[in-house]
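Report on one structure; see the data block that follows.
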Amino acid sequence: MSEPTPMPATPEQPWGAAPSPDPGAPTSTDRGGPFDPPGVPWQGVSPRLVTVRLIGAAVWLGLPLAGGVVAATLADVPALWLVPGVLGALVLWTVVVVPRQVRAIGYAERDDDLLIRRGVLFRSLVVVPYGRMQFVDVQAGPVDRWFGIARVQLHTASPTSDAVIPGLPPTEAARLRDRLAARGEAQLAGL
């Protein structure tokens, strides 16, 4: 068998190298489409948000799971084991999905608006123009504070806008709050 001959070199490509991908094609970090505008530098949230969300899931799913196991054991009815089985599957699903959901959350500050993306299976991209913001709120519950994270809530005239950035370190949340408030005031003043 003969060896394959290398491809001829071009000024931007060395001998034998594979052709470079199309510069406009989406990369692994730029998935393209309406949810990832090109050239937008996305900021992620803290990975500690995974732990906070799993603690919440443990409370809401773990307690009914334990109650279902106790009830199925005491009642001695084999069909009653379906309840803990389904709850156990939900716990397992939550443990798998939550880290992916947290990695999918991102925000980007542009000149005239703020972009917030989230979701793995059901994706969403929220665009909040700075001039539409009424006020910016920073919130942190007891578990959030324990893990050192906060959430930034953007309030607009529309009650249906879901402009929340969870899982930010408190210093970043305060910086973002102040920056967004200043940009909103500048947009309203017509600067």
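The values are calculated or read from the model by the stated rules, or taken from the named source; none is laboratory data. None of these values were measured; they are calculated from a predicted model. Note that each Cβ is placed from the backbone with ideal geometry, even for glycine, and that neighbours are counted across all protein chains shown. For accessibility, only protein heavy atoms count, side chains too; no ligands or nucleic acids. Shrake-Rupley method; radii C 1.70, N 1.55, O 1.52, S 1.80 Å.
Summary table
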| item | result |
| --- | --- |
| Tally of residues being in contact (Cβ under 8 Å) with a residue 60 or more places away in the chain and buried (at least 17 other Cβ atoms within 10 Å of the Cβ) across segment 52-61 | 1 |
| Selected residue (criterion: most open to solvent (accessible area, probe 1.4 Å)) from residues of segment 137-152 that are out of contact with any strand residue (DSSP E or B) (no Cβ under 7 Å at 6 or more places or on another chain) and in a loop (DSSP other than H, G, I, E, B) | PHE147 |
| Residue match in segment 82-97 (condition: open to solvent by 80 Å² or more (accessible area, probe 1.4 Å), polar (S, T, N, Q) and either closer than 23 Å to ARG151 by Cα or at pLDDT below 80 (or both)) | no |
| Matching option when the condition is farther than 15 Å from ARG53 by Cα, touching a residue at least 60 places away in the same chain (Cβ under 8 Å) and assigned to a helix (DSSP H, G or I), among LEU74, LEU180 | LEU180 |
| Residue check for GLY167: at positive phi, in contact (Cβ under 8 Å) with a residue 24 or more places away in the chain and surrounded by fewer than 17 Cβ atoms within 10 Å (Cβ to Cβ) | no |
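Yes or no, residue by residue, for (1) farther than 19 Å from ARG53 by Cβ; (2) open to solvent by 60 Å² or more (accessible area, probe 1.4 Å); (3) in a strand (DSSP E or B); (4) touching a strand residue (DSSP E or B) at 6+ places or on another chain (Cβ under 6 Å):
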{"residue": "GLN101", "(1), (2), (3), (4)": "no, yes, no, no"}
{"residue": "GLY131", "(1), (2), (3), (4)": "yes, no, no, no"}
{"residue": "PHE135", "(1), (2), (3), (4)": "yes, yes, yes, yes"}
{"residue": "LEU154", "(1), (2), (3), (4)": "yes, no, yes, yes"}
